[in-house]
1. Name the one entry in Gly150, Gly128, Gly118 that is at positive phi and touching a residue at least 12 places away in the same chain (Cβ under 8 Å).
2. What residue, of Asp53, Asp61, is in contact with a His (Cβ under 7 Å, 6 or more places away or on another chain) and assigned by TED's automatic domain parsing to the domain that holds Thr34?
3. Say whether the condition of being out of contact with any Cys (no Cβ under 6 Å at 6 or more places or on another chain), assigned to a loop (DSSP other than H, G, I, E, B) and of a type in the set (A, V, I, L, M) is met by at least one residue in segment 129-149.
4. Of everything in segment 57-98 that's among the aliphatic types (A, V, I, L, M), closer than 30 Å to Val27 by Cα and within 51 Å of the chain's Cα centre (by Cα), which residue is surrounded by the fewest Cβ atoms within 10 Å (Cβ to Cβ)?
5. Among the numbered conditions (1) in contact with an Asp or Glu (Cβ under 9 Å, 6 or more places away or on another chain); (2) modelled with pLDDT under 90, tell me where Phe157 comes up short.
6. Output the residue which, of all residues in segment 8-34 that are in contact with a helix residue (DSSP H, G or I) (Cβ under 8 Å, 6 or more places away or on another chain) and modelled with pLDDT of 70 or more, is farthest from Glu117 (Cα to Cα).
Amino acid sequence: MKSIKAISVIVIAIILGGWLTVQLLTVDIPIGKTGVRIQQYGIFGKKGVVQADFGPGWHRDLGPIDSWVDYDSTVQTLEMTKQARHGSSAGEDDVKVQSVDGNKISLDVTVKYRIAEGMAHKLYEDTGSGTKYRAIVRNEAEKASMGRFGQMTTEEFYDPKEKRRRSKEVFDELTASLEDNYIEVIDVLIRNVEFDPKYEAKIRSKKLADQEVELNKSMADAERMSGKTQVIEAETKKLIEIITKEKEAELIGMEAKTDLQIAKIEAQYKKYVTEKTADADLIADQKQAAGQRLVKEAEAEGERLRNEALAGAGGDIMVALEAAKNLQLKDVTVSTLEVDLLDVNQMAEKLGVPAEKK
């Protein structure tokens, strides 16, 4: 039992010792941060800033030998705006520009940027720890904005394309100036433009006057176009009528052609039927005449053969046969002594058949 307790104490001590070791000899760089390690003594390497950035996770921290500085590695925003407590500074921080024609203009400028990847240790060597680099970004952004937008006339600030072109110039200039400070510019946005109130009223009056002039021109153009519109409508109506009549005539012509073709087809059909019917009737008549001729010939041949048969013994036999059929023996008394009814030859001679032809 004592041994189990001893082992438990040892395990707990090891766990606590390991935890304390990790806490005392490592540093945790959180997500969204980049760490820079500075070796105070050249025991485990060259003294000074280690030439590498350290991302999120656990890293060595040997007490007095190592010291650490971390930087924001995400995309950061610089907002220079006239609205107090809405920008990167507590008070008004807008970019004030004087146009080419001498009017004062206020710009709200937003700059998106971040520390160049893998260059946090160089930034530390250049500006030291803390957020000194943010002041550099603001100063360079203000200088570039004042320089580029100060080349515009007041009228050009109303032109979106011109503003986008100048914003691109500010972006390019700011990218070049901050590259040596290890800052990467993501985008430059002009969110709001405000003019001097007196100039705003002047511009508004001028715009209204210009709009009224344009309105009068448009109304005059509309009057002129009204007459043209009526002419166009009349011509269009006439053209539609012409097209309609042409289509109707074309349809009538097509119907006539179709009817003619149908009539031709019907005539050809009737002619064909008539011809075929006549041919069929002719063939039928020919066949009927041939049949009748054969019948007549057969009857004549039969009669001839009958006459030939009757001309000889067959004729005498036929006469005897007819005489036998006509005998009325019902009331006749015949003596069997004189007549033998079973002697066929004798009976035939009695009825007229010659003896040599029996």
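1. None of the other options fit; the residue is Gly118.
2. Testing whether each residue is in contact with a His (Cβ under 7 Å, 6 or more places away or on another chain) and assigned by TED's automatic domain parsing to the domain that holds Thr34 leaves just Asp53.
3. no
4. This residue is Val75.
5. Result: Phe157 fails condition (1) only.
6. Checking each candidate, the answer is Leu25.
Results for (1) of a type in the set (Val, Ile, Thr); (2) more than 13 Å from Tyr124 (Cα to Cα); (3) touching a helix residue (DSSP H, G or I) at 6+ places or on another chain (Cβ under 8 Å), shown as yes or no for each residue.
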residue	(1), (2), (3)
Val36	yes, no, yes
Gly55	no, yes, no
Tyr71	no, no, yes
Thr77	yes, yes, no
His86	no, yes, no
Gly91	no, yes, no
Ser99	no, yes, yes
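Yes/no per residue for (1) modelled with pLDDT of 80 or more; (2) of a type outside the set (Gly, Ala, Ser); (3) exposed (fewer than 10 other Cβ atoms within 10 Å of the Cβ); (4) not in a helix (DSSP H, G or I):
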position	(1), (2), (3), (4)
Lys228	no, yes, yes, no
Gly253	yes, no, no, no
Gln261	yes, yes, no, no
Lys264	yes, yes, no, no
Gln268	yes, yes, no, no
Tyr272	yes, yes, no, no
Gly291	yes, no, no, no
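The values are calculated or read from the model by the stated rules, or taken from the named source; none is laboratory data. These numbers were taken from a predicted model, which means no experiment stands behind them. Virtual Cβ from ideal backbone geometry, glycine too; neighbours counted across all protein chains shown.
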